[in-house]
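Notes follow once the structure below has been shown.
Laboratory data are not the source of any read-out in this text; all were calculated from the coordinates shown. Because the structure is a prediction, the values reported are computed rather than measured. Counting neighbours? That spans all protein chains shown, and the Cβs are built from the backbone with ideal geometry, glycine included.
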Amino acid sequence: MSDAILSSNVLQSGDSAIEVLLADDSGIVRRGIRQLLADQIGIKIVGEAADFAQTIRMARELNPQIVILDLHMPDDNNISPQVVKAHLTHGSQVLVISVWNDEDSKKLAVSLGATVFLDKMDLADTLVPTIMQLKRKRSEAV
């Protein structure tokens, strides 16, 4: 797998940015999500991961507020959903993305600690509004 990319120029100013860890095994998907978020004020991609193990390590190091998590990555059979949930939901909200939009996928997303489940095919329309809604909810909870 490729090494993690630890920073992005999504946002360079303000303490109010919500920090996002992007985890997807597809470089093309990660690039597309980066482009979707590139001009969004208040959203900062703090890291990228290409598998579950890397995602867990980076979540511990970076402590992002949101983890955008691909439901199926190459090492998903080696790491239990309970382990992923335990490491990612401690201080982070998990936004699961998948091309599979069936009940089994949604149940798996819940077992991974998903706050939200989004269909990858709709990300252009749903990702930014969902992140901003999660950011508002975090602000109201504080």
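Say R0 is 35 Å: what FRET efficiency, to the nearest 0.05, do A38 and K137 get from their beta-carbon distance? Result of the calculation: an efficiency of 0.90.
With a simple spin-label model that places each label point 7 Å from the Cα along the Cα-to-Cβ direction, the separation between H90 and T126 comes to 3.0 nm. Bridge orientation summary for the chain: considering DSSP beta bridges with both residues in this region, about 5 percent are antiparallel. Taking region 18-141 as the region of interest, the number of lysine pairs whose Cα atoms are within less than 21 Å, with members eight or more places apart or on different chains, is 11. A Förster distance of 22 Å, applied to the separation of the beta-carbon atoms of S80 and N101, puts the FRET efficiency at 0.45. The helix-based estimate of mean residue ellipticity at 222 nm for the chain, built from -39,500 (n - 2.57) per DSSP H run of four or more residues and divided by its residue count, is -12500 deg cm²/dmol to the nearest 500.
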